[in-house]
Structure formats: structure tokens, C-alpha cells
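Chemist: Please find one structure pasted underneath; my questions will follow.
Values in this text are rule-based calculations from the coordinates and carry no lab data. Keep in mind that this is a model prediction, so the values were computed, not measured. Cβ: placed from backbone, ideal geometry, glycine included. Neighbour counts: every protein chain shown.
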Amino acid sequence: MKINVPHVAKLANLPLKPEEERKFEKQLSEILNYFEKLKEVDTKNVETTSQVTGLENVTREDKAINSLTQEEALSNTKSQHNGFFKVKAILED
Amino acid sequence: MIYKTVIGLEVHVELKTKSKMFCGCSADYFGKKPNAHTCPVCLGLPGALPVPNKTAIDWCIMIGLALNCKIANFSKFDRKNYFYPDLPKGYQISQYDQPFCQKGVIALSNGKKIGITRVHMEEDTAKLTHQGDDSLIDFNRSGVPLVEIVTEPDFETAKEVVEYLKKLQQIVRYLGVSNADMEEGNMRLEPNISLRELKTQNSKLKSELPNYKVEVKNINSFRFVEKAIEYEIKRQTEILNVGKTPVQETRGWNEDKQKTVSQRIKEEANDYRYFPEPDIPPIRLSEFQISNFKSQMPELPDLKLVRFTKNYGLPRYDAEILTREKELSNYFEEAVRAGKTFEVNAKQITNVIINKKIDIENIMPAELIKCIVISKKINILDNKKLSEIINKVINENPKAVNDYKTGKVQAIGFLLGKAKQHFPKGDANQIKIALEMKLK
Amino acid sequence: MELNQLTIKNAKGGLKAKKFSSVELTKACLEQIKKHNRELNAFITITEEDALEQAKKADNLASQGQAWETKPLLGIPIALKDLFSTKGMKTTAASNVLKDYVPEYDATVVKKLKDAGAIILGKLNHDAWGHGASGENSDFGPTKNPWNKEYVPGGSSSGSAVSVASDMCIAATGTDTGGSSRQPASFCNIVGLKPTYGRVSRYGIISMASSLDSIGHITKTVEDSALFLNVTAGKDANDATTSSKPVPDYLKDLKKGIRGLKLGISRKDLENVDDEVKKPFLFAEKQLKDLGAEIIDINLKYSDYAIACYYIIQPSEVSSNLARYDGVRFGSVRQNFGEEAKRRIMLGTFTLSAGYYDAYYRKAMQVRTLIKQDFENAFKQVDAIISPVSPTLPWKLGEKINDPLKMYLSDILTVTANLAGIPGLSVPIGFSKGLPVGMQILGQQFSEAKLFQIGHAYEQTTEWHKMKPIL
């Protein structure tokens, strides 16, 4: 099994250096080969488990509570403007 | 060549819950100070976890029921993974293969049925504004509950689309779950439009959908959706006519230019890597709970319209106006109840409401009935009876008549008083005018 | 005995009896940190001033006769794995991406610990984001094993294990997604707990793999572990996956003994365990038998598939959980992820991607069901299952760093508990070649009290947990 590393990196929004790409291609294909052993397991009609303790129907009442202040919300960003978070323009006209 | 238009619709309706979908921040973000309605959850801070809003789920199910959907016994949230600066977690919590509601249908006035593919629950993204070289992000909208309603590609004209949208808007407003205001962005539409060549006598080809579709975004009024669809039909026809296939893409409606423009040609392979949201246990609904929802559904506009025409004997046109908004229809029915004691009937109330454009927020139904009663009493003085009485008064009071005719105009007050004795609740003005006419 | 060497229980006793103050106790820990942290690299952030101030307050409360009932950790200095969000205190996830991040809120567990009166000494090193079994994946340098500084202390809760084992604090928090509390505890000769999934709130603790993450802790004794869980366990309105099952008093049955309890061993799974580990384990088995436990052979049919299953589910969820780190609202750009985080993001993105989801993620979630059923069946026969924590002794720093698959395989005995959502308690059972060996006791979901009962009974007959490394 081989991974199309640049494609996956793009999906993951993860810029990789060429040497990282090479390294990961080798390592990940080794790991994926190891995963092949799962094929031995017959999972026909087996349900998946995503909530391991079987919890269901956990919700909260529709009640509004206090939010962070604008200053708190922005306290960890390096890029802000007039109370907004700021990023480089993402749409070109 | 002749083409048939194929249109499907995705509509997002923002719910007007008090709090957001997965946290306790206020969901009322419109016009608020930026980033002042946020918390670790809706900002996607490290370690924060979502807890779903019960009311939002209930309302999503109610929308599904209103659209005649099947409600799932077992449903779950999924993560839709993609990167965009308005998406704080790098994924949107949505529903993938097990939405709350599926397989509904809604009928248009021409009898055509539009299939509802699914109605599911998700969270809104932050609001981006573009300013020169920068994009500014306000997370107040991030996490506001959003219900997505997807139709089958059953529409053939812009008119059908608009009718459906108005109907949908009416329904969610009836349910009281959203303001569904297009300009404020509570209701957002994304039609996908394509054309297929109409080949007669070839049943196999007939059922085939075109191999592309164009999605149009940035439409914030019913007028624009009509224009955008019509523009697309024209644009795509021209492309098809020269033997090409329109590009599958997302376009935006540009009102200034009166056309759609390509938004992101570099359409990345949409691989959302959906998987079950591990932070939220699934939702199971028993048949009992589902039937409970059904019994709690308010009367919806279509049924109300039928009932109004039947029970109140109203013409369809009138009933339609009265049921357009729930508030007005409730007002009407309250007025009908209040009118019973005063023998004011539904028809009269309808006429007043429709013709006089009553301000239902400021005139209570009981007050309206009072007005009608008063105006009704005035009209009761039919002219035949009135002229009889006036003749009688003139004959019985020759002196006063003479005084009036010789210039003592105030003598009319005496005559008026005599006439009014016969119509204690009558309109003095009307009697006076009738008297004057006679005395001329 | 120095104050910093005390257990929670003994420290509490001393504080209550006014033999010493919380300030003195806290100072003793801070002294030890100053002496040895440079070499062991257990702490990322030390909050000395804040800790001393809190200790002063604790002493005040204690002198006013403040009820110990409501503050079971009053004046006890502890430290937090740096995945636990602390309001106003840097929380780095041991990654360069978050090296300057200061949370605006406390994790639920942090709040509970503070409410219980605990003194926070600082934030502990670990494999960045919890990714690792050796502590070497920290962007702030590896933590060293106090028993032999050329060896790894285990991971990912490396700093937690090392800080407790070297008496820099009385107890520490940890997380356990695939063994991250149990394995470093076993490598450092102390007690590590992985509670049942959903027993302790995850809210505010930086997520690794949401369906597997358990919030644990590391202590010097089993009794301390029970005491600590009494504080942290319970339903949290901010974590939808926490259970609303009532929380028992974990100290209540602690001393009941284990006579007549049935303990299961999967012999098949011992085949891949090194002799240096197997020997102390088999000896522990004998000691348990001597205490009156009945040993029963069990068969975990699908345990061979656990690593493949785990290393699909976990990176898949990791890839999604790490998507929020885009440098916009906090932290820095994605290029700054360390190698292991990048590797897992890549692996998980791939296993979730179109065309591969069914073969990997979905398949793994099905195998997970089979593994869970394996345990459910076993627990029809036995009260608990015992096994070594790690198939090997601690290894040398750098030994496996370039072979990720080999590193992953070292989790073989611990990941099953996370896949099945069951609790596991790791206790010291001796030494080989001067390095500690640990045993884990696994039980049914929500059976922590029973695990403490077994662990405590064992601990009472041995002296291993009292052994201290020479620093």
C-alpha cells in the first residue's frame, strides 16, 4: 500500500518539506502494510463502536450563559483588527 | 436544441434558539460587537467539547415533520473535515449518513410534488468580511444552530423554486423556529442548476441527470434567486448550444453585474473525511417520542388554508392572505371568536382585515370587533327607512321646517333630535345629511 | 523521610495534625524540582510564586478548621500534564505550536482539583499532544527515567511519572489514550490509573483521540490513586461523553482483600513479552494466588489485532482533532508540528479519506467491537484481568525513535483497555536489570473500586512501591 503523500498533505493542510515527504512515504507504507492483518478478521454484520460506554441522547437545555469578553477571545491571537481576528484575504475577486 | 432545466436546492435555516448548537453562548449574533458571543467551544479552543442543544434538535425534527419526512429512530452527528478560516475546529459538526429526517415531500400549488431528500442539523460557521488584503473573522455566528434542507432535483423553473422557498419560509415561521429572514442571513439558498437535453422517445436517456451541476451561492432574496436561475439557464444553454459542457463549479450571484460569477474554479477534490463525531453520543428516538412530536406540531399553513375556506366559508384568495403569516391567522380567529357575541361574521372580519390593512400589532382583536360593530350600526340605517322617518319628522314639525327654510339654519338641530329618537345609535351625520337633502 | 516523599494520604495526615504546613510541603517539592528538573526535564512550566501563594491560603483555611471533607486535597502539591488547560497559565501540549498559548479557562478536572484544595506546582512534560510511548516526542526535549537517566521514562505522560517517581510532587495528572498513564507509571515504579472512558471529564484537556482518551493520574500508592479519583470522577455537563453513573467512594472497599476473587490471564498474550518482564509478572501472579485469588486462563481472541485497530482509529481522530491548530485564534502555524504529530496527521487523514474509509476506519471500528466483546466475555468468568503493562523493559533513549512501527508495537498490552473503554491500574511489581516492571489490572467498565481493592491488597504484601530511585 502506498500513500499519495502530497495529496494527503494537501487534504491535511500540512506543508511538508521534501525530505519529510520521502520519509513519510516509506514509514506510512510500512505501517499500512502492518494494517493488512485486519483483513483476516471477519467483520461481516459486526456493528461499529464509536461510543464505547453505550451512552445515548446526551443534550443540554437551551439556556444562554455568559460568553468570554472580546478581549479574552482575542487574547491568544497574533493578528487582530478592531475586535476581529485577521487573516490574509482568502477570496480574490 | 431543447433543454430541460434540472434544479435542486439546498437551504440553510438558522434556528432562533436562545443559545448556540453546542455551547451556551447566545445565538443572537446579528449586529453584535464582534467576537463577544464566543467561548472555548465555539472558538474551537484546545480541549473544548460540544454538547448538543436539545431545543435545536427538537426543532430540526419539527421541520422534518412539517416537510413530511421520516424521522430516524437512530441518528448521530458526524465531523465534516475541511479547512477554511471561518471554521474554527477544522471540521464542522454536521450529519452525514444518519440525519434526523429523510425522504419528505412537499406539494406546489400546481400539484407538483418536490421530494425532500433530507433535513439535518449542523452548526454555522464564523462570519468573514473581506477588507483589502485581509479577511476579518467574527466568531459570534460560529456554532449557531443550522438546519439544512436538501431537495431532490425536482424543480424545472425559477418560479417553482421561489414558490417552494416561500412555502418553506412560511413553514419555519409557523413553527416559530426561525425568523427565516433572507437579508439577515437566517435563510440561505444554494440552488444547483443544470440542463439536460430533451430527447423524445428515448425513455432511457430521459431519466438521466446531466453530468455536471452548477451551484449558485450568495443569493439573499427571492428576487435574486429567480434572476440567478434565469441567468444560469441562459448561460448554460449558450454553452451547450456550441457543443460544450458547462464547468461543474460554484458561482456567486452578483447583483451589480446582474450575473453569476465563478467563485472558486480551483475546486479542490471535496474529500470531507466524514466520521462519527466521537464527542457526541448518538440520538435514539422511540416511536413514542416521534409520535409525541407529531402530536405537538402546530397546524401548518396548507391545512389551515383548507380549514379557513371550509369552516369560515372564505374564498381561497382571502384564506391565503389570512394564513400567510401565523400571527395574522391567529388574529383572525381570535377576532372571529370575539365577533360571535356581536353577530359579526368571519366574512365581515376578513373584509375589514384585508381591505383596511389592519395593524394587528396595535389593534387588539376585541377592539377590531368594536370598530366593526360601530361601523355596522351606521350602515344599518338603510336609506329607505331613513327617508320614511325624515318625511315623518318633516310632516310633524312644520314650524321648525319653516324656520329652517327662512334662514334659521339652527332649527335643523331640533329636527335632527326628533329623527335621532328613532335611531338612538345611528350616525348623526348621516341623518343630518339626509335631512338637509330633503329640506332643500 | 523528606516531606516531598510523602504520599497524599501521609501528607494529609501531617497537615491535619499540623506537623508541617502546606507551605513547607510545597517548598520541599519546589526544592526537589530545582535540584533535579534540569537533568530529568519533567516540568515545562514551574509556577513557584503562585504555588506558594496557594499553599499559604491552604494553610489559612486549614487553621480556620476548614472542613477536610469538602477539600480532600487541601494543601497537597501536585502537577499537571501540559495537556490540561489552566486559566492564565501557559498550556503547551509540549508542542512548539502552542508554546505561548495561555488558556482563558480551566479544564473541568483542574477546576475540581483546585476546588479540592490542591496546590498546582506547574505543568509537566510529555510526548507532544500525547503522541508517544517514550517521552521523546516532546518539542521541549525528552524526559529522563530517574532509575537510569539513559533510559526513557515511558510516555506519553513522561513528566507526570518522573515528577512523582522523583518526589518533585505528591501526585500528578495524566492522560491515557493507549497506555499513556499506565506505561510510564510502570517504567518509573509508581501507580498509574486509566479510568473507564467517560468516568472523568475530558473538558479542557487537549484532545488526542476523542473516542479513546481517558483522564488518569499518577500517584505513589494505590490508595492515593483512589483518593485522587474521588476528586476527579463524575458527570460533567461540558463533556457529553461523561457517564452519569454515580461515583462510589473509591476508598470504601479498598481494604477488603482479594480472597476468592477470580483473576484472568491471557497466556497467549504473554508469548510476546520479554523474559525480564515475564519473570516478575509470574512472581506477582503467585503472590496474588497466595493472597487468596483464583487465577483463571482466559482467551482474548482478537488481541493480536489491537495495535492495527488502535493505530487506525487513533490517528484518524488525531488528524481531525489537530485540524483546529491553524495559527489564527491561538498558537502558530501548522509547519511547527513535530514529526510524530505530522506522521499521525498524515496517517489519519489517509485512513479517513475517500476510498479508504471503509477499509481502514470503519473496519477498525468493527474490530473494536470484537475486542470489546472479547473483554465482556472474559468478565463473565473473572473479576479482573492481569497482565504486564509493557512487553519490554524501558528502552534506551533514541533506541526506537526512527522506527515508528516498532514504537507503536510497544503499546500492544495497553491499547486494548482504551479500545474497550475499560479501566486499568498499573502497579509496580519489581525490577529487572535495575529497571522497574509494572503489572496492569483491568476490569469491567466502571469497576475502578475493584481494581483499587486488588492493587491495594497486592501493594500491602510487597515493598516495591516504596523503592526510590537514587537521583
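Chemist: State whether one or more residues within segment C:276-291 are closer than 30 Å to C:Ala457 by Cβ and either within 14 Å of chain B (Cβ to nearest Cβ) or not in a helix (DSSP H, G or I) (or both).
Modeler: Yes - at least one qualifying residue is present in segment C:276-291.
Chemist: Residues in segment C:309-334 that are in contact with a helix residue (DSSP H, G or I) (Cβ under 6 Å, 6 or more places away or on another chain) and not hydroxyl-bearing (Ser, Thr, Tyr): how many?
Modeler: 7
Chemist: Filter segment C:71-96 down to residues that are out of contact with any strand residue (DSSP E or B) (no Cβ under 8 Å at 6 or more places or on another chain) and more than 12 Å from chain A (Cβ to nearest Cβ), then give me how many there are.
Modeler: So the count comes out to 7.
Chemist: When you scan segment A:39-52, do you find a residue that is facing chain C (nearest Cβ under 7 Å), out of contact with any helix residue (DSSP H, G or I) (no Cβ under 6 Å at 6 or more places or on another chain) and hydrophobic (A, V, I, L, M, F, W, C), even just one?
Modeler: Checked segment A:39-52: at least one residue is facing chain C (nearest Cβ under 7 Å), out of contact with any helix residue (DSSP H, G or I) (no Cβ under 6 Å at 6 or more places or on another chain) and hydrophobic (A, V, I, L, M, F, W, C).
Chemist: Inside segment B:255-356, counting only helices (runs of 4 or more DSSP H) that do not spill past its ends, which hold 3 or more residues that are over 24 Å from the mean Cα position of the chain (by Cα)?
Modeler: Once the helices (runs of 4 or more DSSP H) in segment B:255-356 are filtered for at least 3 residues that are over 24 Å from the mean Cα position of the chain (by Cα), what remains is B:287-295, B:326-339, B:346-356.
Chemist: Out of the residues in segment C:419-458 meeting the condition of being among the hydroxyl-bearing types (Ser, Thr, Tyr) and either within 14 Å of chain A (Cβ to nearest Cβ) or under 15 Å from C:Thr221 (Cα atoms) (or both), tell me which one is surrounded by the most Cβ atoms within 10 Å (Cβ to Cβ).
Modeler: The qualifying residue surrounded by the most Cβ atoms within 10 Å (Cβ to Cβ) is C:Ser426.
Chemist: Let me ask something else about it. Suppose we filter B:Leu240, B:Leu300 for residues that are of a type outside the set (Asp, Glu) and either free of Cβ contacts under 8 Å to residues at least 12 places away in the same chain or closer than 30 Å to B:Ile171 by Cα (or both); which single one remains?
Modeler: B:Leu300
Chemist: Do any helices (runs of 4 or more DSSP H) lying entirely in segment C:1-73 carry at least 2 residues that are closer than 26 Å to C:Glu150 by Cα, and which ones are they?
Modeler: C:22-40
Chemist: Same structure again: Looking at B:Val105 and the list (1) assigned to a strand (DSSP E or B); (2) touching an Asp or Glu at 6+ places or on another chain (Cβ under 8 Å), which single condition is not satisfied?
Modeler: (2)
Chemist: Moving to a separate point now. Which numbered condition in (1) of a type outside the set (D, E, K, R); (2) over 14 Å from B:Ile353 (Cα atoms); (3) surrounded by 19 or more Cβ atoms within 10 Å (Cβ to Cβ); (4) away from chain C (no Cβ under 14 Å) is the only one that B:Met297 fails?
Modeler: The failed condition is (3).
Chemist: Hey, another quick one. Give the residues of segment C:303-328 that are free of Cβ contacts under 8 Å to residues at least 24 places away in the same chain and either surrounded by 24 or more Cβ atoms within 10 Å (Cβ to Cβ) or within 10 Å of chain B (Cβ to nearest Cβ) (or both), sorted by residue number.
Modeler: C:Ala323, C:Arg324, C:Asp326, C:Val328 - these are the residues of segment C:303-328 that are free of Cβ contacts under 8 Å to residues at least 24 places away in the same chain and either surrounded by 24 or more Cβ atoms within 10 Å (Cβ to Cβ) or within 10 Å of chain B (Cβ to nearest Cβ) (or both).
Chemist: Could you tell me whether B:Thr260 is farther than 30 Å from B:Leu175 by Cα and in contact with a helix residue (DSSP H, G or I) (Cβ under 7 Å, 6 or more places away or on another chain)? Step through it out loud before you land on a result.
Modeler: Details: farther than 30 Å from B:Leu175 by Cα: yes; in contact with a helix residue (DSSP H, G or I) (Cβ under 7 Å, 6 or more places away or on another chain): yes.
The answer is yes for B:Thr260.
Chemist: Here's something else I'd like to know. Applying the selection to segment C:336-359, what residues are in a helix (DSSP H, G or I) and within 7 Å of chain A (Cβ to nearest Cβ)?
Modeler: Answer for segment C:336-359, where residues must be in a helix (DSSP H, G or I) and within 7 Å of chain A (Cβ to nearest Cβ): C:Lys342, C:Arg343, C:Ile345, C:Met346, C:Leu347, C:Thr349, C:Phe350.
Chemist: Same structure, new question: Checking C:Lys235 against (1) without any contact (Cβ under 8 Å) to a residue 40 or more places away in the chain; (2) of a type in the set (D, E, K, R); (3) in contact with a His (Cβ under 7 Å, 6 or more places away or on another chain), only one condition comes out false. Which one?
Modeler: (3)
Chemist: Quick check on my filter: what residues within segment B:95-121 are under 20 Å from the mean Cα position of the chain (by Cα), under 21 Å from B:Lys294 (Cβ atoms) and more than 14 Å from chain A (Cβ to nearest Cβ)?
Modeler: B:Gly104, B:Val105, B:Ile106, B:Ala107, B:Lys113, B:Gly115, B:Ile116, B:Arg118, B:Val119, B:His120
Chemist: Considering only segment C:362-385, I want to know if a residue exists there that is small (Gly, Ala, Ser), away from chain B (no Cβ under 13 Å) and outside any helix (DSSP H, G or I). Full working, then the answer.
Modeler: Going through segment C:362-385, the residues small (Gly, Ala, Ser) turn out to be C:364, C:378, C:384.
Subsequent filtering for residues that are away from chain B (no Cβ under 13 Å) retains C:378, C:384.
Applying the additional criterion that residues be outside any helix (DSSP H, G or I) yields C:384.
Yes - at least one qualifying residue is present in segment C:362-385.
Chemist: Out of C:Ala209, C:Ala240, I need the residue that is within 14 Å of chain B (Cβ to nearest Cβ), free of Cβ contacts under 8 Å to residues at least 24 places away in the same chain and farther than 22 Å from C:Lys71 by Cα. Which one?
Modeler: Numbers: C:Ala209 fails: free of Cβ contacts under 8 Å to residues at least 24 places away in the same chain.
Exactly one residue qualifies, and that residue is C:Ala240.
Chemist: Which of the residues that make up segment C:395-415 are under 30 Å from C:Glu294 (Cα atoms) and in contact with a strand residue (DSSP E or B) (Cβ under 8 Å, 6 or more places away or on another chain)?
Modeler: Those that are under 30 Å from C:Glu294 (Cα atoms) and in contact with a strand residue (DSSP E or B) (Cβ under 8 Å, 6 or more places away or on another chain): C:Leu413, C:Thr414.
Chemist: Select from segment C:252-292 the residues that are on the phi > 0 side of the Ramachandran plot and surrounded by 14 or more Cβ atoms within 10 Å (Cβ to Cβ) and list them in ascending order.
Modeler: Within segment C:252-292, just C:Gly257 meets the criteria.
Chemist: Answer with yes or no whether A:Glu21 is more than 7 Å from every other protein chain (Cβ to nearest Cβ), farther than 19 Å from C:Leu419 by Cα and either touching a helix residue (DSSP H, G or I) at 6+ places or on another chain (Cβ under 7 Å) or surrounded by 19 or more Cβ atoms within 10 Å (Cβ to Cβ) (or both). Don't jump to the end; show me each part of the working.
Modeler: Values: more than 7 Å from every other protein chain (Cβ to nearest Cβ): yes; farther than 19 Å from C:Leu419 by Cα: yes; either touching a helix residue (DSSP H, G or I) at 6+ places or on another chain (Cβ under 7 Å) or surrounded by 19 or more Cβ atoms within 10 Å (Cβ to Cβ) (or both): yes.
Yes, satisfied.
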